[in-house]
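Have a look at the structure below, then the notes.
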Amino acid sequence: MTAQPTALGRRFEASTDIAAFLSLWLQERSLLQGAAATTFDTYYGSFRRSFPPRMQRFYRGQIVEAEALVRPGGRVLEIGCGLGTESIWLALRGAHVVAIDVREDRLSAARERAVVLQRELGRDLFCHFAARSVLELPEHATFDLIWMEQTFHHLEPRVDVVRKLASLLAPGGRVVISEANAWNLPLQAQLLLRRGLPRVTLLTREDGTKVPYGVERITTATAIREAFASHGVACQSVRYFRMFPNHPAFDVLAGLEAAPALSGVAPLFTHFNYVGAKRA
């Protein structure tokens with residue numbers, strides 16, 4: 001596909017960051033129709049209601065480490081891609097993206113979004129969506145970057161998953177994991193009230209197959225660092241962020257989350273980003 005971009009396509013191309021990119025999707029409600037629109041509205045329900053500057057800052061901040069590693073033609077794997085916003089965004093920046101999820105309804109909406117965006121841009125994107133778990137990927141696949149956002153705590157069995165992820169990285173490749181922090185006790189209490197004790201269950205996919213699924217088995221940056229280190233992936237950085245949930249009541253406290261005086265308690269924040277590098 002090679003054509004001139006539409007006015008909206010030029011706005012997508014000009015998005016300064018992923019929060020601006022998602023904001024366009026939230027504003028342009030007519031881009032998606034039918035089941036894809038329903039799935040999008042359900043998935044991004046809280047952002048439909050409120051996507052204030054504080055949450056936009058956190059949303060764009062979640063992916064900065066991954067963005068910095070993307071090169072034109074670089075091979076990227078996103079695990080647990082959901083509706084594909086991050087996958088499509090990285091493809092828009094020139095990456096060749098494979099994005100997987102076990103939820104076919106979300107994948108269907110993600111594919112529709114990719115089609116819509118390519119039509120608006122007047123060009124193709126290298127972004128392939130597949131209904132697979134990470135353990136089903138072929139052993140020979142190698143990626144320059146593996147990215148996942150709020151996904152790692154769902155992947156089971158965890159020992160096998162870490163081994164597989166390390167094997168999928170090309171020499172010198174990076175894995176970037178954005179996760180909820182198990183050291184944050186209010187977050188743990190919130191999850192306990194909402195979903196009970198963390199556990200591993202079986203998720204039935206649309207084709208009838210069952211895959212292990214972690215129910216909010218959130219973990220710590222230390223545990224992730226140690227797990228990957230045993231497979232030749234060394235920790236490059238850990239960054240902690242965010243103190244309060246997505247609710248307008250906390251917007252007035254946004255400055256606290258960036259206050260230098262709180263750097264000493266950062267490991268107790270609600271979220272963190274881990275970056276690991278495989279030996280070249």
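The values are calculated or read from the model by the stated rules, or taken from the named source; none is laboratory data. Keep in mind the model is a prediction, meaning the values are calculated, not measured. Using ideal geometry, Cβ is built from the backbone for each residue, glycine included, and neighbour counts are taken over all protein chains shown.
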Worksheet item: Is it true that Thr209 is over 17 Å from Ala266 (Cα atoms), out of contact with any Cys (no Cβ under 7 Å at 6 or more places or on another chain) and of a type outside the set (A, V, I, L, M)?
Response: yes
Worksheet item: Does Gly73 fit the bill of being in contact with a strand residue (DSSP E or B) (Cβ under 9 Å, 6 or more places away or on another chain), at pLDDT below 95 and either over 22 Å from Ser178 (Cβ atoms) or of a type outside the set (D, E, K, R) (or both)?
Response: no
Practice prompt. Return only the number of the condition from (1) touching a strand residue (DSSP E or B) at 6+ places or on another chain (Cβ under 7 Å); (2) at pLDDT 80 or above that Ala266 does not satisfy.
Written response: (2)
Practice prompt. Among residues belonging to the range 177-221 that are assigned to a loop (DSSP other than H, G, I, E, B) and of a type in the set (Val, Ile, Thr), point out the one that is surrounded by the most Cβ atoms within 10 Å (Cβ to Cβ).
Written response: Ile218
Practice prompt. Could you list, in sequence order, all residues of the range 119-161 that are in contact with a strand residue (DSSP E or B) (Cβ under 9 Å, 6 or more places away or on another chain), more than 19 Å from Leu203 (Cα to Cα) and not in a strand (DSSP E or B)?
Written response: Gly122, Asp124, Leu125, Phe126, Ala141, Thr142
Item to complete: Take the range 222-234 and flag every residue that is in a strand (DSSP E or B) and either modelled with pLDDT under 95 or surrounded by 17 or more Cβ atoms within 10 Å (Cβ to Cβ) (or both).
Response: Val233
Item to complete: Specify which of the listed residues (Arg60, Arg29, Arg10) is under 16 Å from Leu90 (Cα atoms) and not small (Gly, Ala, Ser).
Response: Arg60
